[in-house]
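Here the structure is laid out as structure tokens; the discussion comes afterwards.
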Amino acid sequence: MKLHRRRKLVTRLNILDQPIKFSPFVFSRNFVMWATVGLVGGFIAGLYWIVLLFLTEKAHFFTGWEVIPLMSIAGLLAGLIIHFIGDPGEMHLIVNNIRFNKGKLDPKNNPSAILSSLLCVASGGSLGPEAPLVQITGSTGTWLGKIFRLKGEELRSLTIAGMGAGFTALFGAPLGGSLFSLEILHHEHAVEYYKAIIPALVSSCFSYVVFALIINVGLGATWDLQNYEYSGVYDFLYAVLFGIAATFVGWMFIIVTKFFKKVFESKPMPIYVKTLIGGILLGIISYYFPITRFFGHYEINELMGSNYTLVMLILVLIFKIFATSITVTSGWRGGFIIPLFFVGTALGLIIHHIFPATNLTLAIVSCMAAINSCVTRTPMSTTILLATLTGFTYFIPILFASLTGYFLAPKIPFISAQSDRKRKDIF
């Protein structure tokens, strides 16, 4: 009798047109799983960030010529960790596992990912913590999925939810982080993974709350850009033009990375030798151009507040590209998204130096958006992430620049696993 009344009540309220077995709400045990992944992911990301900040502060004490031995030793130690504990892989391996390994990320490589990335990022490598965090939180989703005995798309969705938690914790944008975890998997057929959008959103929201509580952050922009005032439809044209310039720089980054990849793979050598050589080169670049050191989270504000000449800005842009490419190809562990935002900032400042009448904020944000979309093929999430990180509330100019970078990008993706076939042409 009770069941009959419940069914009748649901029908009258027009909530569902079918008999129900549990509840008239969308809420289910799946929500609990997604929330659990977010809570655990946010906690892991918070602890990781605290340790990273501590080590980075210690590394800041090393200046001048001291950065060369510091980064050399850090590179050697990171290589030894990878050699003896295991290779955690890079972003293309994460994408490959999601697409071709039934959505599984193996948590057994997490100790190596944590230790090697902390050494590489904290010592001053030109890569950010997003890739290691995504590996760790994504594999946490896989582990929890196995506990709940999930298979197929449900397991893949929980893994992607974990990835979204990692992206969100770093970037502070639940919508952008969850979209990024889907969009980076395949630049043409991201819709294949949109079944995971709600899991990723739920996980990202819980991850953000926990991460914010642990490191005590609030809402607001990360980078201090000047207020932007819309001046007319020509701003959309300017955004496209800035995007074209940034896409050209994106191509430069891809070509330089391909060159260094060939150099480091020209002769077989142990991973710790490659990371040692990479550390020496990065130390030399950091000695002459200290602002290119570290991944750019704080250095972007420093760059925007500097009074660098045009020549100096061009040199900073060039050597930041070199530093990021060397870091990527020499076996150092980390992600290249925030370093690309740094390069976009430098390019925006260069454009403003050459054409002072241009809007500086529009130039910087457009260049950030286009170069990241060119390399990562993520125009939608890049637009949302930058709107959050920069406080630039006008979505449309950013979207125009992002789409410009996306459609003018190389046909073969930089992250080779984004292709329909597994390729090793670039990265």
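The values are calculated or read from the model by the stated rules, or taken from the named source; none is laboratory data. If you're wondering where the values come from, they're calculated on a predicted model, not measured in any experiment. Methodologically, a virtual Cβ is constructed for each residue, glycine included, from the backbone with ideal geometry; neighbour enumeration extends over all protein chains shown. Surface areas here come from the heavy atoms of the whole protein model, side chains and all, with no ligands, DNA or RNA. Shrake-Rupley method; radii C 1.70, N 1.55, O 1.52, S 1.80 Å.
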Exercise. Is at least one residue of the stretch 359-372 touching a Ser or Thr at 6+ places or on another chain (Cβ under 9 Å), in a helix (DSSP H, G or I) and under 23 Å from I197 (Cα atoms)?
Worked result: yes
Exercise. Only one of these conditions is not met by R293: (1) out of contact with any Ser or Thr (no Cβ under 8 Å at 6 or more places or on another chain); (2) of a type in the set (D, E, K, R); (3) under 24 Å from A74 (Cβ atoms). Which number is it?
Worked result: (1)
Exercise. Name the residues in the stretch 310-342 that are more than 22 Å from W223 (Cβ to Cβ) and touching a helix residue (DSSP H, G or I) at 6+ places or on another chain (Cβ under 9 Å), would you?
Worked result: F322, S325, I326, V328, T329, S330, G331, W332, R333
For this session: Within the stretch 259-280, work out how many residues are surrounded by 16 or more Cβ atoms within 10 Å (Cβ to Cβ) and not aliphatic (A, V, I, L, M).
Result: 8
Seminar exercise, completed: In the stretch 288-319, residues that are within 23 Å of W49 (Cα to Cα) and not hydrophobic (A, V, I, L, M, F, W, C) total 9
Exercise. So is L347 out of contact with any strand residue (DSSP E or B) (no Cβ under 6 Å at 6 or more places or on another chain), assigned to a helix (DSSP H, G or I) and at pLDDT below 95 or not?
Worked result: no
Seminar exercise, completed: When (1) part of a loop (DSSP other than H, G, I, E, B); (2) over 18 Å from the mean Cα position of the chain (by Cα) are applied to W332, the one that fails is (2)
Exercise. In the stretch 286-320, how many residues are open to solvent by less than 40 Å² (accessible area, probe 1.4 Å) and more than 24 Å from E57 (Cα to Cα)?
Worked result: 2
For this session: Considering every residue within the stretch 282-305, establish whether at least one is at pLDDT 90 or above, within 22 Å of G405 (Cα to Cα) and of a type outside the set (V, I, T).
Result: no
Exercise. Got a sec? Which of I244, I277, I214 is in contact with a Gly (Cβ under 9 Å, 6 or more places away or on another chain) and at pLDDT below 90?
Worked result: I214
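Which of the residues belonging to the stretch 276-319 are assigned to a helix (DSSP H, G or I) and of a type outside the set (A, V, I, L, M)?
Start the filter on the stretch 276-319 by keeping residues that are assigned to a helix (DSSP H, G or I), which leaves 276-288, 290-292, 299-304, 310-319.
Of everything in the stretch 276-319, those that are assigned to a helix (DSSP H, G or I) and of a type outside the set (A, V, I, L, M) turn out to be G278, G279, G283, S286, Y287, Y288, P290, T292, E299, N301, E302, F319.
Inspect all residues belonging to the stretch 208-225 and state whether any of them is acidic (D, E) and in a loop (DSSP other than H, G, I, E, B). Reasoning before the result, please.
If we filter the stretch 208-225 for residues that are acidic (D, E), which is where we start, we get 224.
Keeping just the survivors that are in a loop (DSSP other than H, G, I, E, B) gives 224.
Looking for residues that are acidic (D, E) and in a loop (DSSP other than H, G, I, E, B), one finds at least one in the stretch 208-225, hence yes.
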Seminar exercise, completed: Counting only residues in the stretch 391-427 that are over 14 Å from A370 (Cβ atoms) and outside any loop (DSSP other than H, G, I, E, B), the one modelled with the highest pLDDT is identified as I396
